[in-house]
Amino acid sequence: PPQSEKSPDIPISDLFFHHFFRSGHLSKPQKQAMGKGGSLSDGVIKKILLSYTYVAIWIFLSFTVIVYNKYILDKKMYNWPFPISLTMIHMSFCASLAFLLIKVFKVVEPVSMSRDLYLSSVVPIGALYSLSLWLSNSAYIYLSVSFIQMLKALMPVAVYSIGVLFKKEGYKNDTMVNMLSISFGVAIAAYGEAKFDTWGVILQLGAVAFEATRLVMIQILLTSKGITLNPITSLYYVAPCCFVFLLVPWVFVEYPVLKETSSFHFDFVVFGTNSICALALNLAVFLLVGKTSALTMNVAGVVKDWLLIAFSWSVIKDTVTPINLFGYGLAFLGVAYYNHSKLQALKAKEAQKKTAQADEEGGRLLEEREGEGSGKSSESQD
């Protein structure tokens, strides 16, 4: 089609954020996506609706997995307090399905990976992932769903701090002040927690630290080498590692207890549906980030946290105090400001890239015109 009729190639996340916040100035390509009178064109409206759908699917699945894990592990509910075993069930299910899709049905092509790269990159990431899942699932035994979501607000703090430590992020005073404000809000929320459990808090903070380290290690060990894994290949390579790493503590911690519990029988309905939900969540994360952006997922995560807090208070009947909400409100403002800063930085980077491309194209046109001019002058001399 002619250039004027061609749909502008812009990130759907930009339109998502503009539609969500109704703020900021639109770039020229974004204005082209708008109809007369500033209204969005039908194609862009469909894309925005799709991105809202991806967000809704991810929130629903994440919500379901968290509540389902809480139901299984909590002693007052299903009463199966074996977090290592539950995580191993998830990993074995995901690894088996990924193996079938890649090796048997050949639905997905495996990533070419040498043994040295696997041992130096995938194995450390698998170890960190197994520790993160083990500790986060263990925290559900001791803490309420609402308080765990409040503690998870420390994730940006952990990712930024570890990123600075490994020199993947530049230290900035204003960003550090923002991180301290988030930490202060979470500290107030912890102070106001009615059923505060020190061991549970240690477990959840450990899970946050290991997960943040894993995210930074993915950037250092895989992304920097040009290796990207979709959810199926990621599970194919990482899930067996997690299973092996979890097998060691399971033999010493949970296996003796399970062996003595003669009344235990494997509930295929509960653990099967729980594993399917965990797998679906992995696929939803890839869908959301692939179709929108990681920043969109962060903002959607804040919405999910508030929904979980409301659900925990109204349905599960967890105690949520005013001090809890005040502290988490402060942390929420800090996280929102952090996400806003990230969005502005991404927009500035995109604008800089587009300016550089425009300058490069302008230089090429100028060189072509100069070449044509010199060719014509030589012809006139002849």
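The values are calculated or read from the model by the stated rules, or taken from the named source; none is laboratory data. This one's a predicted model, so the numbers in the text were calculated from it and none came from an experiment. Positions of Cβ are generated from backbone atoms using ideal geometry, with glycine treated the same way; all protein chains shown enter the neighbour counts. The accessibility values were calculated without ligands, DNA or RNA, using every heavy atom of the protein model including side chains. Shrake-Rupley method; radii C 1.70, N 1.55, O 1.52, S 1.80 Å.
A few notes on this one:
- Some residue of segment 339-348 being aliphatic (A, V, I, L, M), surrounded by fewer than 13 Cβ atoms within 10 Å (Cβ to Cβ) and farther than 25 Å from Ser161 by Cα: no
- Only one of the listed residues (Leu246, Leu258) is assigned to a helix (DSSP H, G or I) and at pLDDT 95 or above. That residue is Leu246.
- Residues that are more than 15 Å from Ile323 (Cα to Cα) and open to solvent by less than 10 Å² (accessible area, probe 1.4 Å) within segment 183-207 comprise Gly200, Gln204, Ala207, listed in sequence order.
- Selection status of Val108, open to solvent by less than 30 Å² (accessible area, probe 1.4 Å), out of contact with any Lys or Arg (no Cβ under 7 Å at 6 or more places or on another chain), more than 18 Å from Val65 (Cα to Cα) and assigned to a helix (DSSP H, G or I): no
- A Cβ distance below 7 Å, combined with a sequence gap of six or more or placement on separate chains, defines the contacts here; from segment 147-161, residues that are farther than 19 Å from Tyr191 by Cα reach residues that are open to solvent by 10 Å² or more (accessible area, probe 1.4 Å) and not in a helix (DSSP H, G or I) in the pairs Tyr160/Glu169.
- Yes/no for Ser161 being open to solvent by 30 Å² or more (accessible area, probe 1.4 Å), of a type in the set (S, T, N, Q), assigned to a helix (DSSP H, G or I) and out of contact with any Gly (no Cβ under 9 Å at 6 or more places or on another chain): yes
- Residue list for segment 206-235, restricted to those being in a helix (DSSP H, G or I) and over 19 Å from the mean Cα position of the chain (by Cα): Lys225
- The residues of segment 266-289 that are hydrophobic (A, V, I, L, M, F, W, C), part of a helix (DSSP H, G or I), out of contact with any Leu (no Cβ under 7 Å at 6 or more places or on another chain) and more than 13 Å from Met91 (Cα to Cα), listed by number, are Phe268, Val269, Val270, Leu283, Val285, Phe286, Leu287, Leu288, Val289.
- Condition check for Lys152: assigned to a helix (DSSP H, G or I), over 20 Å from the mean Cα position of the chain (by Cα), crowded, with 16+ Cβ neighbours inside 10 Å and among the basic types (Lys, Arg): no
- Among the residues listed as Val270, Val251, the single one being in contact (Cβ under 8 Å) with a residue 60 or more places away in the chain, surrounded by fewer than 17 Cβ atoms within 10 Å (Cβ to Cβ) and of a type in the set (A, V, I, L, M, F, W, C): Val270
- Boolean, Leu101 is aliphatic (A, V, I, L, M) and open to solvent by 50 Å² or more (accessible area, probe 1.4 Å): no
- Restricting Met297, Met217 to residues that are within 15 Å of Val55 (Cβ to Cβ) and crowded, with 17+ Cβ neighbours inside 10 Å narrows the list to Met297.
- For segment 112-128, a tally of residues being under 22 Å from the mean Cα position of the chain (by Cα) and open to solvent by less than 40 Å² (accessible area, probe 1.4 Å) returns 7.
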